Amino acid sequence: MDLPTLWAFILAFAVFAYVVLDGFDLGIGILFPALQRGRDRDQAMNSVAPVWDGNETWLVMGGGGLLAAFPLAYAIVMPAIYTPIIAMLLALVFRGVAFEFRWRDPRHQWFWDLSFAGGSMLAAFAQGVALGALLQGIAVEGRAYAGGWWDWLSPFSILTGISLLIGYALLGATWLIMKTEGRLQDRAFHYARLAGIGTLVCIVAVSLATPFLEEAYYQRWFAWPNVLFTAQVPLLVVIATAVFGLSLHRRYERLPFLLALALFALSMVGLGVSVFPDIVPGAVGLHEAAAPESSLIFMLVGASILIPVILAYTAYAYWIFRGKVGHEGYH
Amino acid sequence: MLEGFDALLLARIQFAFTVSFHFIFPAFTIGLASYLAVLEGLWIWTGRTVFLDLFRYWIKIFALTFAMGVVSGIVLSYQFGTNWSVFSDRAGPIVGPLMAYEVLTAFFLEAGFLGIMLFGMNRVGKGLHFAATLAVAFGTLLSSFWILAANSWMQTPVGHAINEAGQFVPVDWWQIIFNPSFPYRLTHTVLGAYLTTSLVVGAVGAWHLLRDRSNDGARVMFSMAMGMLIVAAPIQVVVGDMHGLNTQEHQPVKILAVEGHFESYPDGAPLYLFGLPDVETVSVQYPIAIPKLGSLILHHSLDAPVEGLKTVPKQEWPPVPIVFWSFRIMVGMGLLMVALGVLALLARVRRRLYEWRNLHRFAVAMGPAGFVAVLAGWVTTEVGRQPYTVYGLLRTAESVSPLDAPAVASSLIAFVIVYFAVFSVGTWYILHLMYHPPAPAEPGLEGGTAPIRSAGITPAPAVDPNRTIGTDEQEAR
């Protein structure tokens, strides 16, 4: 594997880490309005308070990593999805400060709860829209984006926006199943069932739409003999969904979360099948956009040492705060 | 309202706005993280509970400030692409990896241990908790290291080549990181952050001394802050001078603008204390100047000649009035800091540190001085670098994204509204926390000050006496 491909995989890993980690805490924000004021909401928030900041760091890693490893792609993509990105950034402001602000000002807690929920929803939706906008293809001329600032808006990008919103809600609900007990956990089971059905519908809809967006996507999925490999992805989705339904039915506490992660992983693989080896879908290839070798090697040295270390201490932090959040006193 | 502006100017205003707003928070948290580590270390070492009380007092403020720093910082990592895409494409191979290292070494470290630092005291015990605090403090410093390496390279670019696509290609990473202005800029910035923190801590201590001079927590924090100030402020003056000389060597036009030296002075340039630089008439209006002092400061010689801005093409000039004034504001604040440090030292020698009310009033007034100085300093160096993003090589006008002005204008308006609304409220909460005096055993959330806690959380578990650290983190919040 050459350096640009290796970096594409590292970035894909960072994006996946972001999606599943921030996914569940954004998901809790998305479910927030449905949770009862008081204890339920406090517990839900406390279940992610010690880790949300680390989760969001993967987003900076994704953005910074793209700038570093594929500067041309970063330069073309960001102006193309200008509006959803700005919306996401502002939404994350509202949602991030709510973690602290809501405890400081009980009289206005309703407002910061709203800011937490609204920020989480808008951030999730905007991320999905950005993904859809890139998948449907953007106008590129030379080394720059050549379209307008509303090109991102389409039925497909709205579909991907809603899909990610529901998918994150699924991660949030299954996380709550794992971290809570009693009434809140019962509700979480209920929401996990709804979000699970929703996620499945969305996966099917996006999967049906994507191959017809671009001829290349169609080829990558259905050309012989690729199809022998690519057909495994939907097959695994079916299996994962079936096991997921069963795990909810039998009220397993950890399995639903793990299967939600599996569904996200499979969706990510599906995405990779459609796009690879492009980095700006349909416009710029990995190698064309890659930074010079001296940049990639310099970073690879650091990344190969630091990413395992990061994963180790992140795991440690999660382990410190393991177990049910119900009887916790923090905040 | 903004229709007269083009996309370039709007993008510049937007970046200046978001980066300045962002830097307010790290300017405070870099120092505060270190201060918290010192407090916790002193508590473990001496066993004096006042240090634990102060640790708990300040960690609430730290948590709020840090959250605002995080969310405003994420914005920046994407703004390079949204608003400065050509810069990202050209300079990405060099600036990108430096920022990636910042994420990998610093951001993850801070974020990973922040949860333990804020919420984990009961779960991990004293020693590991202290390690987490140290990790966060160290993370903030590492973050400064990398981001200033990137910024300094943009100011004094070396160690690169330019490829056929016009991209800056790294040739020697050592040279790129340790570029000529980096050591000065890093030291100056970190000291600035430490000074900012000691001025805030000092102001809060002084405020509570004015109300109750027997408050032990207030006495300790005031004493520590003033001690830091008398050490760091004079060092900062020296470092600032060295940084100025370094700038003089690598970015002479910036210094000419800072000094308002339009004319050439073959036998020694004056120092303008005051004046209104006018680019139209190419002169300083209403000047108050000291002859030859400019040459003394810049060249350490009274008669050293200075070649003025008039010898440089006008399109190479930065906006002279802005840097002229931002520099004077920064220096003025710096001198006031030294004055406060000296007065506090005097008071300490005469054993009146906790009694001299005018000193306390002065310290309260100086509370925001660090923020003012830090922002003015950054304005000086960043505006002074204009019209370039990568100095001498890539013009700001060439760096901008191909965006329509309305797109940039609407996002700018959105940023201004959201930042002012959200961060003003956050600042209000911080001031509210500072308004409460530090109390023995910092009850924080019991009795009269209960509202900080939300109602309805289940009671804390029984405290395991073997792991008791004060009481528990519930109080620390």
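The values are calculated or read from the model by the stated rules, or taken from the named source; none is laboratory data. This one's a predicted model, so the numbers in the text were calculated from it and none came from an experiment. When we count neighbours, we look across all protein chains shown, and the Cβ atoms used for this are built from the backbone with ideal geometry, even at glycine.
Within the range A:244-254, identify whether any single residue is surrounded by 16 or more Cβ atoms within 10 Å (Cβ to Cβ) and closer than 19 Å to A:VAL15 by Cβ, and answer yes or no.
no
If a residue counts only when it is over 26 Å from A:GLY137 (Cβ atoms) and facing chain B (nearest Cβ under 7 Å), which helices (runs of 4 or more DSSP H) contained entirely in the range A:1-82 have at least 3 such residues? Lay out the reasoning, then the answer.
Values: elements: A:3-31, A:39-46, A:52-69, A:71-80.
Qualifying helices (runs of 4 or more DSSP H): A:52-69.
Considering the range B:115-170 alone, what residues qualify as being over 24 Å from B:PHE28 (Cβ atoms) and of a type in the set (Val, Ile, Thr)?
Matches in the range B:115-170: B:VAL124, B:THR156, B:VAL158, B:ILE162, B:VAL169.
Quick one: is A:ILE85 facing chain B (nearest Cβ under 7 Å), under 11 Å from B:TYR78 (Cβ atoms) and β-branched (Val, Ile, Thr)? Please lay out each step first, then the result.
Values: facing chain B (nearest Cβ under 7 Å): yes; under 11 Å from B:TYR78 (Cβ atoms): yes; β-branched (Val, Ile, Thr): yes.
Answer is yes for this residue.
Looking at this structure, is A:ILE307 on the phi < 0 side of the Ramachandran plot and over 22 Å from the mean Cα position of the chain (by Cα)? Reasoning before the result, please.
Details: on the phi < 0 side of the Ramachandran plot: yes; over 22 Å from the mean Cα position of the chain (by Cα): no.
No, not satisfied.
If B:ALA100 passes every condition in (1) at the interface with chain A (Cβ under 9 Å from one of its Cβ atoms); (2) in contact (Cβ under 8 Å) with a residue 12 or more places away in the chain; (3) not β-branched (Val, Ile, Thr) but one, which one does it miss?
Among (1) at the interface with chain A (Cβ under 9 Å from one of its Cβ atoms); (2) in contact (Cβ under 8 Å) with a residue 12 or more places away in the chain; (3) not β-branched (Val, Ile, Thr), B:ALA100 violates only (2).
Within the range B:67-90, is there a residue that is farther than 27 Å from A:ALA312 by Cα, more than 14 Å from chain A (Cβ to nearest Cβ) and in contact (Cβ under 8 Å) with a residue 12 or more places away in the chain?
Checked the range B:67-90: no residue is farther than 27 Å from A:ALA312 by Cα, more than 14 Å from chain A (Cβ to nearest Cβ) and in contact (Cβ under 8 Å) with a residue 12 or more places away in the chain.
Please state which one of A:ALA303, A:ALA291 is facing chain B (nearest Cβ under 9 Å), touching a strand residue (DSSP E or B) at 6+ places or on another chain (Cβ under 9 Å) and among the aliphatic types (A, V, I, L, M).
Numbers: A:ALA303 fails: touching a strand residue (DSSP E or B) at 6+ places or on another chain (Cβ under 9 Å).
Only one candidate qualifies: A:ALA291.
Of all residues in the range A:104-120, count the ones that are crowded, with 22+ Cβ neighbours inside 10 Å and either out of contact with any Asp or Glu (no Cβ under 9 Å at 6 or more places or on another chain) or not hydrophobic (A, V, I, L, M, F, W, C) (or both). It would help to see each step written out before you state the result.
As a first pass, look at the range A:104-120 and keep what is crowded, with 22+ Cβ neighbours inside 10 Å: A:104, A:112, A:115-117, A:119-120.
Those left that are additionally either out of contact with any Asp or Glu (no Cβ under 9 Å at 6 or more places or on another chain) or not hydrophobic (A, V, I, L, M, F, W, C) (or both): A:104, A:115-117, A:119-120.
Residues in the range A:104-120 being crowded, with 22+ Cβ neighbours inside 10 Å and either out of contact with any Asp or Glu (no Cβ under 9 Å at 6 or more places or on another chain) or not hydrophobic (A, V, I, L, M, F, W, C) (or both): 6 in total.
For the range B:343-366, state whether one or more residues are under 25 Å from B:PRO180 (Cα atoms), out of contact with any strand residue (DSSP E or B) (no Cβ under 6 Å at 6 or more places or on another chain) and of a type outside the set (Val, Ile, Thr).
Within the range B:343-366, the subset under 25 Å from B:PRO180 (Cα atoms) is none.
Scanning the range B:343-366 turns up no residue that is under 25 Å from B:PRO180 (Cα atoms), out of contact with any strand residue (DSSP E or B) (no Cβ under 6 Å at 6 or more places or on another chain) and of a type outside the set (Val, Ile, Thr).
Given the conditions (1) more than 11 Å from chain B (Cβ to nearest Cβ); (2) crowded, with 17+ Cβ neighbours inside 10 Å; (3) small (Gly, Ala, Ser); (4) at negative phi, which single one is not true for A:ALA317?
Looking at each condition in turn, A:ALA317 falls short on (1).
For A:LEU134, are the conditions met, namely being more than 11 Å from chain B (Cβ to nearest Cβ) and not in a helix (DSSP H, G or I)? Spell out how you get there, then give the answer.
On the way: more than 11 Å from chain B (Cβ to nearest Cβ): yes; not in a helix (DSSP H, G or I): no.
Answer is no for this residue.
Of the numbered conditions (1) surrounded by fewer than 15 Cβ atoms within 10 Å (Cβ to Cβ); (2) at pLDDT below 80; (3) more than 10 Å from chain A (Cβ to nearest Cβ), B:GLY470 fails exactly one; give the number of that condition.
Of the numbered conditions (1) surrounded by fewer than 15 Cβ atoms within 10 Å (Cβ to Cβ); (2) at pLDDT below 80; (3) more than 10 Å from chain A (Cβ to nearest Cβ), the odd one out for B:GLY470 is (1).
Give the residue, chosen from B:THR187, B:THR105, B:THR156, that is β-branched (Val, Ile, Thr) and within 24 Å of B:PHE371 (Cα to Cα).
Working: B:THR105 fails: within 24 Å of B:PHE371 (Cα to Cα); B:THR156 fails: within 24 Å of B:PHE371 (Cα to Cα).
After applying the criteria, what remains is B:THR187.
Restricting attention to the range A:100-119, which residues are among the polar types (S, T, N, Q) and either over 23 Å from A:LEU59 (Cβ atoms) or at pLDDT 95 or above (or both)?
Initial filter on the range A:100-119 (among the polar types (S, T, N, Q)): A:109, A:115.
The answer is A:GLN109, and nothing else.
Please pick out the residue among A:ALA260, A:ALA312, A:ALA223 that is surrounded by fewer than 20 Cβ atoms within 10 Å (Cβ to Cβ), within 27 Å of A:ILE203 (Cβ to Cβ) and more than 9 Å from every other protein chain (Cβ to nearest Cβ). Quick ask: steps written out before the conclusion?
Numbers: A:ALA260 fails: surrounded by fewer than 20 Cβ atoms within 10 Å (Cβ to Cβ); A:ALA312 fails: within 27 Å of A:ILE203 (Cβ to Cβ).
Result of the check over A:ALA260, A:ALA312, A:ALA223: A:ALA223.
Kindly indicate whether B:LEU403 is over 23 Å from the mean Cα position of the chain (by Cα), within 14 Å of chain A (Cβ to nearest Cβ) and either in a helix (DSSP H, G or I) or surrounded by 15 or more Cβ atoms within 10 Å (Cβ to Cβ) (or both). Break it down into steps so the answer makes sense when it comes.
Values: over 23 Å from the mean Cα position of the chain (by Cα): yes; within 14 Å of chain A (Cβ to nearest Cβ): yes; either in a helix (DSSP H, G or I) or surrounded by 15 or more Cβ atoms within 10 Å (Cβ to Cβ) (or both): yes.
When the stated conditions are applied, B:LEU403 passes them.
Would you mention how many residues in the range A:145-193 are outside any helix (DSSP H, G or I) and within 14 Å of chain B (Cβ to nearest Cβ)? If you could, list the steps in order and put the result at the bottom.
First pass over the range A:145-193, keeping only residues outside any helix (DSSP H, G or I): A:145-154, A:180-181.
From the residues that got through so far, the ones that are within 14 Å of chain B (Cβ to nearest Cβ) too are A:145-153, A:180-181.
Total meeting the criteria: 11.
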